[in-house]
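Trainee: Let me give you the structure first, and then I'll get to my questions.
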Amino acid sequence: MTIYNFSAGPAVLPKPVLEKAQEELVNYKSSQMSVMELSHRSVLFDEIIKNAEKLLRELMDIPENYKVLFLQGGASLQFTMIPLNLAQGKKALYVNTGAWAKKAISAAKQIEDVEVEVIALSEDKNFTYIPKITKDMVDQDAAYLHITTNETIGGIRYTDIPDTGDVPLIADMSSNILANDYKVSDFGLIYAGAQKNIGPAGLTVVIIREDLIKEGQNIPPMLDYSVLAANDSMYNTPPTYAIYIAGLVFEWLKDLGGLDEILKQDQEKAQLLYDYIDSTDFYISPVAKEDRSITNVPFITGDDELDKKFNSEAKAYGFENLKGHRSVGGMRASLYNAFPKEGVEELVKFMKNFEEENK
Ligand code: PMP
């Protein structure tokens, strides 16, 4: 039985990356040491981290006036670091598009000296669409506007990035980084937990425009972008092995033809599934068509018992982690870059059979 891993994260990694890591596991470049055993100050690791950064810059076309940081603490720690570093004594604007935006908002509210304002939300339709943001909605005195470019649980994503004027746009891109055609220069700061579309858990990527890095703010060092940036992500020991794997993933993406090519593949994969869902009344995609995510595709039958049956048969068939998030139920297929197209074809085949047997 072939196993397909539909996990929303930690998620499937490219087979060639895992094989390369296996090949190099106990003896990295004739060092007779594993990458896990290398000092983060060694020449070999210096090469690894510099190469990972170089490849990410190439893939995302990151302008020179942006700093790339390889941090820890997950995307969740960024929910706190962003207001702490960027908005003290100021107003911070947020768009509430669902579960992850809400977490970012509630973390920001805990920073004493920051005034949080939610300028748009899609709660009226249970967070199934992306609200339209126009420039006149953005207070030009605010420290930033925060958006979640892809809601991993809700399955919605921004296709158009809002124009915020001079106010920096901050993006939680955890679940669609490297699977979009956004321009880095439209953002002041982008962050993402690695465990979906970059590499293993334990690494958080932050891409920050240099003018937003402020020194002397009396912030504890591990939470202070200026300290982390001045030390090139090595104020403390960085997650060395996760950075190594991320570098291999970036290389794999580059060899595939870069983001244009992978985006084409991602769109094809998602389309296969959405086309089938749209062709039948048996399955429902609960989100607005124009805002559908291509990396996280939730769907339901509309009957909880039937969803349960679907999930149990799907697991027996070899589909891992297809069950929807515990907060919403139903099913969710996460189709990140490394997820193979054959897996989507198999899923559609399975869905057709299940429909035949249960309609
Ligand atoms: N933001 C989004 C959009 C996510 O999907 C997740 C994780 N599922 C997080 C933030 C939190 O990430 P982490 O677990 O790395 O803190």
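The values are calculated or read from the model by the stated rules, or taken from the named source; none is laboratory data. In this text, all values refer to a predicted model and were calculated from it rather than measured experimentally. Cβ sites come from the backbone with ideal geometry, for glycine too, and all protein chains shown count toward neighbours.
Trainee: Can you tell me which residue within the stretch 1-49, out of those that are without any contact (Cβ under 8 Å) to a residue 24 or more places away in the chain and of a type in the set (A, V, I, L, M, F, W, C), is nearest to the ligand (Cβ to nearest atom)?
Mentor: Filtering the stretch 1-49 for residues that are without any contact (Cβ under 8 Å) to a residue 24 or more places away in the chain and of a type in the set (A, V, I, L, M, F, W, C), the one nearest to the ligand (Cβ to nearest atom) comes out as L18.
Trainee: Of all residues in the stretch 214-244, which are surrounded by fewer than 18 Cβ atoms within 10 Å (Cβ to Cβ) and outside any loop (DSSP other than H, G, I, E, B)?
Mentor: Step one: filter the stretch 214-244 for residues surrounded by fewer than 18 Cβ atoms within 10 Å (Cβ to Cβ), giving 214-223, 226-227, 230-232, 234-237.
Listed by number, the residues that qualify are P221, M222, L223, S226, V227, A230.
Trainee: Among the candidates D186, D172, single out the residue that is acidic (D, E) and within 10 Å of the ligand (Cβ to nearest atom). Show your work before the answer.
Mentor: Details: D186 fails: within 10 Å of the ligand (Cβ to nearest atom).
The unique qualifying residue is D172.
Trainee: Can you go through D255, D166, D186, D211 and tell me which one is in contact with an Asp or Glu (Cβ under 9 Å, 6 or more places away or on another chain) and more than 20 Å from T295 (Cα to Cα)? Spell out how you get there, then give the answer.
Mentor: Details: D255 fails: in contact with an Asp or Glu (Cβ under 9 Å, 6 or more places away or on another chain); D166 fails: in contact with an Asp or Glu (Cβ under 9 Å, 6 or more places away or on another chain); D211 fails: in contact with an Asp or Glu (Cβ under 9 Å, 6 or more places away or on another chain).
Sole residue among the options that is in contact with an Asp or Glu (Cβ under 9 Å, 6 or more places away or on another chain) and more than 20 Å from T295 (Cα to Cα): D186.
Trainee: Are any of the residues in the stretch 92-103 under 24 Å from G258 (Cβ atoms) and β-branched (V, I, T)? Break it down into steps so the answer makes sense when it comes.
Mentor: Here is the first cut: in the stretch 92-103, the residues under 24 Å from G258 (Cβ atoms) are none.
So far as the stretch 92-103 goes, no, none of its residues is under 24 Å from G258 (Cβ atoms) and β-branched (V, I, T).
Trainee: Right, another one. When L44 is evaluated against the numbered criteria (1) within 17 Å of the chain's Cα centre (by Cα); (2) surrounded by fewer than 19 Cβ atoms within 10 Å (Cβ to Cβ), which criterion, by number, is the only one it fails?
Mentor: Among (1) within 17 Å of the chain's Cα centre (by Cα); (2) surrounded by fewer than 19 Cβ atoms within 10 Å (Cβ to Cβ), the lone unmet condition for L44 is (1).
Trainee: While we're looking at this one, here's another question. Any residue at all in the stretch 99-121 that's within 16 Å of the ligand (Cβ to nearest atom), part of a loop (DSSP other than H, G, I, E, B) and under 18 Å from D291 (Cβ atoms)?
Mentor: Within the stretch 99-121, none of the residues are within 16 Å of the ligand (Cβ to nearest atom), part of a loop (DSSP other than H, G, I, E, B) and under 18 Å from D291 (Cβ atoms).
Trainee: Those residues that are part of a helix (DSSP H, G or I) and within 17 Å of N311 (Cβ to Cβ), I need them from the stretch 334-348; list them, please.
Mentor: As a first pass, look at the stretch 334-348 and keep what is part of a helix (DSSP H, G or I): 341-348.
Result: G343, E346, L347, V348.
Trainee: Identify all residues within the stretch 274-293 that are part of a helix (DSSP H, G or I) and in contact with a helix residue (DSSP H, G or I) (Cβ under 6 Å, 6 or more places away or on another chain); write none if there are none.
Mentor: The first filter runs over the stretch 274-293 and keeps only residues part of a helix (DSSP H, G or I), leaving 274-279, 289-291.
Within the stretch 274-293, Y276 is the sole residue that qualifies.
Trainee: For the stretch 189-199, enumerate the residues that are within 11 Å of the ligand (Cβ to nearest atom) and either touching a Lys or Arg at 6+ places or on another chain (Cβ under 7 Å) or over 21 Å from S226 (Cα atoms) (or both).
Mentor: The first filter runs over the stretch 189-199 and keeps only residues within 11 Å of the ligand (Cβ to nearest atom), leaving 191-198.
Answer for the stretch 189-199, where residues must be within 11 Å of the ligand (Cβ to nearest atom) and either touching a Lys or Arg at 6+ places or on another chain (Cβ under 7 Å) or over 21 Å from S226 (Cα atoms) (or both): A194, Q195, K196, N197, I198.
Trainee: When you scan the stretch 17-27, how many residues do you find that are assigned to a helix (DSSP H, G or I) and either surrounded by fewer than 15 Cβ atoms within 10 Å (Cβ to Cβ) or out of contact with any helix residue (DSSP H, G or I) (no Cβ under 9 Å at 6 or more places or on another chain) (or both)?
Mentor: In the first step, residues of the stretch 17-27 are kept if they are assigned to a helix (DSSP H, G or I); the result is 17-24.
Retained after the next criterion (residues that are either surrounded by fewer than 15 Cβ atoms within 10 Å (Cβ to Cβ) or out of contact with any helix residue (DSSP H, G or I) (no Cβ under 9 Å at 6 or more places or on another chain) (or both)): 18-19, 22-23.
Of the residues in the stretch 17-27, 4 are assigned to a helix (DSSP H, G or I) and either surrounded by fewer than 15 Cβ atoms within 10 Å (Cβ to Cβ) or out of contact with any helix residue (DSSP H, G or I) (no Cβ under 9 Å at 6 or more places or on another chain) (or both).
Trainee: I've got another one for you. Output yes when any residue across the stretch 279-293 is surrounded by fewer than 21 Cβ atoms within 10 Å (Cβ to Cβ) and over 25 Å from N126 (Cβ atoms), and no when none is.
Mentor: No, the stretch 279-293 has no match at all.
Trainee: Next question. Just give me the residues in the stretch 53-83 being within 16 Å of the ligand (Cβ to nearest atom) and assigned to a helix (DSSP H, G or I), in sequence order. Lay out the reasoning, then the answer.
Mentor: Keep residues of the stretch 53-83 that are within 16 Å of the ligand (Cβ to nearest atom), which gives 69-83.
Across the stretch 53-83, the qualifying residues are G74, A75, S76, L77, Q78, F79, T80, M81, I82, P83.
Trainee: Would you be able to say whether some residue in the stretch 126-144 is among the aromatic types (F, W, Y), without any contact (Cβ under 8 Å) to a residue 40 or more places away in the chain and either touching a Ser or Thr at 6+ places or on another chain (Cβ under 6 Å) or over 24 Å from E210 (Cβ atoms) (or both)?
Mentor: Pass one, the stretch 126-144, residues among the aromatic types (F, W, Y): 127, 129, 144.
Those left that are additionally without any contact (Cβ under 8 Å) to a residue 40 or more places away in the chain: 127.
From the residues that got through so far, the ones that are either touching a Ser or Thr at 6+ places or on another chain (Cβ under 6 Å) or over 24 Å from E210 (Cβ atoms) (or both) too are 127.
Yes, the stretch 126-144 contains a residue that is among the aromatic types (F, W, Y), without any contact (Cβ under 8 Å) to a residue 40 or more places away in the chain and either touching a Ser or Thr at 6+ places or on another chain (Cβ under 6 Å) or over 24 Å from E210 (Cβ atoms) (or both).
Trainee: So in the stretch 306-333, with the set limited to residues that are crowded, with 20+ Cβ neighbours inside 10 Å and in a helix (DSSP H, G or I), which one is nearest to the chain's Cα centre (by Cα)?
Mentor: Checking each candidate, the answer is A314.
Trainee: Could we say that A87 is more than 23 Å from P168 (Cβ to Cβ) and more than 16 Å from the ligand (Cβ to nearest atom) here? Show your work before the answer.
Mentor: Working: more than 23 Å from P168 (Cβ to Cβ): no; more than 16 Å from the ligand (Cβ to nearest atom): yes.
Taking the combined requirement at face value, the residue does not satisfy it.
Trainee: Answer with yes or no whether A230 is small (G, A, S), more than 16 Å from the ligand (Cβ to nearest atom) and either assigned by TED's automatic domain parsing to the domain that holds E342 or more than 19 Å from N296 (Cα to Cα) (or both). Spell out the reasoning first.
Mentor: Values: small (G, A, S): yes; more than 16 Å from the ligand (Cβ to nearest atom): yes; either assigned by TED's automatic domain parsing to the domain that holds E342 or more than 19 Å from N296 (Cα to Cα) (or both): yes.
Against the criterion (small (G, A, S), more than 16 Å from the ligand (Cβ to nearest atom) and either assigned by TED's automatic domain parsing to the domain that holds E342 or more than 19 Å from N296 (Cα to Cα) (or both)), A230 qualifies.
Trainee: Let me ask you something else. Only residues in the stretch 63-76 that are of a type in the set (S, T, Y) count as the first member; pair them with residues that are away from the ligand (no atom under 16 Å from the Cβ) and not in a loop (DSSP other than H, G, I, E, B), Cβ under 8 angstrom, at least 6 apart or cross-chain, and list the lot.
Mentor: Cβ pairs passing all conditions: Y66/V184; Y66/I208; Y66/R209; Y66/E210.
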